[in-house]
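The values are calculated or read from the model by the stated rules, or taken from the named source; none is laboratory data. Because the structure is predicted, anything quoted here is derived from the model rather than measured. Using ideal geometry, Cβ is built from the backbone for each residue, glycine included, and neighbour counts are taken over all protein chains shown.
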Amino acid sequence: MTTRIAHVERRNQSANNLKQFIQIASNMMNHWHERQRTRQHLDDMPAYLLRDIGLDEQQRQQELAKHFWQR
């Protein structure tokens, strides 16, 4: 009986680990998508709005040069 309980507990722990991994991966992909979307908006932004948010063209280009996983 104890062996069966231990087996079920290990299986439950594995399932919990998988759920946690999927949640972390999903959150990471959501962050990456948000960065990509934000950088696309920055790329589309006209110069007068760029000035309104306190950025110059060089700062925009530096941000746009980053990969989606970079902060």
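Pairs are defined by a Cβ separation below 6 Å, a sequence spacing of at least 6 or placement on different chains, a first member in the stretch 19-36 that is in a helix (DSSP H, G or I), and a second member that is surrounded by 10 or more Cβ atoms within 10 Å (Cβ to Cβ); the pairs so defined are TRP32/PHE68; TRP32/TRP69; ARG35/PHE68; GLN36/PHE68. Take PHE68 and tell me if it is at pLDDT 95 or above and not acidic (Asp, Glu). No; evaluated as a whole, the condition is false for this residue. The set of residues in the stretch 1-60 being more than 27 Å from ARG71 (Cβ to Cβ), surrounded by 10 or more Cβ atoms within 10 Å (Cβ to Cβ) and of a type in the set (Ser, Thr, Tyr) consists of SER14 alone.
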